[in-house]
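These notes are about the structure you will find just below.
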Amino acid sequence: MKLSFSAEDEAFRDEVASWLQARLVGDFEKLKYRGGPGDEHMYPRERQAWEQKLAEGGWTCVGWPEQYGGRGCSLEQQVIYFEEYARAGAPGRVGHIGEGLAGPTIIAFGSEAQKQKYLPGIVAGTELWCQGYSEPAAGSDLANVKTKARFDEANGKWILNGQKVWTSLAHESDYCFVIARTDPDSVAHKGLGFFLVKMDQPGITVRPIEQITGTSEFNEVFFDDAECDAEDIVGEPGDGWKVAMGLLGYERGVSTLGQQMLFHNELDEIVSLAKENGSAQDPVIRQRIADAHIGLKIMRYNSMRMLSGGEDGSLQKEALIYKLFWASWHRSLGELAMDVLGPECEILEDGPYQLTRLQSMYLFVRSDTIYGGTNQIQRNIIAERGLGMPREPRRV
């Protein structure tokens, strides 16, 4: 397992840290530690401008091949980049779905025309993406999607009808990658297509979902005869499941250590608060803070282990436990934050929904063990794919 970095990589770390320190000033200084899950409503326009500032410096898509606008950074350098980005308190990325999911998928499975059409806007930070996977009856059971796509020979376009739900940042996005059923008689993972769909068109309605935080970063998206160009299906009709599963592999990649640095920032804030208000004198609180610190270290070491794969960058089986571990740990951290706050955790600053960062974090992390695959689904994946246990009986 790789636990350290080369001198060359540490020099790269200094370059990243210096660039961020020099740019997170002026109009961008207020963005520090803002944005990301549970805080996406903060400074959306300014954070889009930050995406383009990153692009000017060549700090978007750092792991992409140079031929597609990336830096071609090694796995180690990508880890360093995400760590230093979070350490600097740089804002949550509004372009992360395009950079981390849509782009790599198009590079791996898309046509050359699709790469030329879509990748430059992601690299430049000017075009944002959202993910059209979950539906009201197809959340963790993604293969149960009902959204349909039929090819209209008359106008040479795919026509999409259906509904997606829990679509993060759909209200901000220019494009959506959509899983839809190309064969109306198919079931489960067969007969699916993977489509690249323009959001600003007749036939697409975005309806915000108000969360417990009072904000709306998730949305319902309705497709009513929405159109997709014939050349904007990735692969062939029927390849949708293969492409979709390839995309999900990118969710367990190098950004995990950057995520942990964000968690570290949250824990530091909780520790500072505990010292300030005296709750650190409570032995139970001190033990829970120690447990949180230990859990964060375990998370880091497991991430280093799972990223120490083959030369092709493939992930180890240890990646299967990551979502279950961090989601449960983060939910507990939110509870710890409220207990450290004490009675003040129930007081709003300036009226309804004027939440502090820790209050918002606590409310949002209740969803951590649900989205991206529930804890129950994660345990099934670990049992079946990791341990080789018999598959859960399927309904006929």
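Computed from the coordinates by the stated procedures, all read-outs in this text should not be read as laboratory data. Since this is a predicted model, take the numbers as computed values, not measurements. Every residue, glycine among them, receives a Cβ derived from its backbone with ideal geometry; neighbour counts consider all protein chains shown.
Summary of values
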| item | result |
| --- | --- |
| Candidates Gln354, Gln78, Gln378, ranked by Gaussian network fluctuation over the chain, Cα under 10 Å, top entry | Gln354 |
| Global form of the range 253-386, assessed from the alpha-carbon gyration tensor, a/c cut-off 1.5 | prolate |
| The range 100-179 versus the range 257-293: alpha-carbon centroid distance in Å | 39 |
| Calculated from backbone phi, Karplus (6.51, -1.76, 1.60) coupling profile of the range 48-53 in Hz, x at Gly/Pro | 5, 5, 5, 4, 6, 5 |
| Pairs of lysines in the range 129-248 (C-alpha under 21 Å apart; 8 or more residues apart or interchain) | 15 |
| Length-normalised contact order for the chain - Cα pairs under 8 Å, 6+ apart - percent | 14 |
| Theoretical gain in end-to-end length, Ser4 to Gln376 [0.36 nm per residue, Cα-Cα removed] | 130.5 nm |
| 3J(HN,Hα) from dihedral phi, the range 193-208, Karplus parametrisation 6.51/-1.76/1.60, rounded to Hz, x for glycine, proline | x, 10, 10, 10, 10, 6, 7, 7, 7, x, x, 10, 10, 10, 10, x |
| Inter-label distance for Trp19 and Arg150, nm, one decimal - labels placed 7 Å from Cα along Cα-to-Cβ | 4.9 |
| GluC sites (Glu not before Pro) lying in DSSP loop within the range 179-248, provided at most 14 other Cβ fall within 10 Å | Glu210 |
| In sequence order, calculated HN-Hα J values of the range 265-276 (Karplus, 6.51, -1.76, 1.60; Hz; x Gly/Pro) | 4, 5, 5, 4, 5, 5, 5, 4, 5, 4, 5, 5 |
| Net lengthening on full extension, Arg207/Gln354 (0.36 nm per residue, minus Cα-Cα) | 50.7 nm |
| Cut-off under 5 Å, modelled amide H: who pairs with Cys130 long-range | Tyr175, Cys176, Phe177 |
| Electrostatic dipole magnitude of the chain [Cβ: Lys, Arg +1; Asp, Glu -1; Cα centre; debye, to 20] | 1080 |
| Cα-based reach from Lys32 at 16 Å (exclusive), listing lysines while leaving out same-chain residues under 8 positions away | Lys53 |
| Straight-distance crosslink candidates among aspartates and glutamates, where the alpha carbon sits under 15 Å from Lys317 and sequence neighbours closer than 8 are dropped | Glu251, Glu384 |
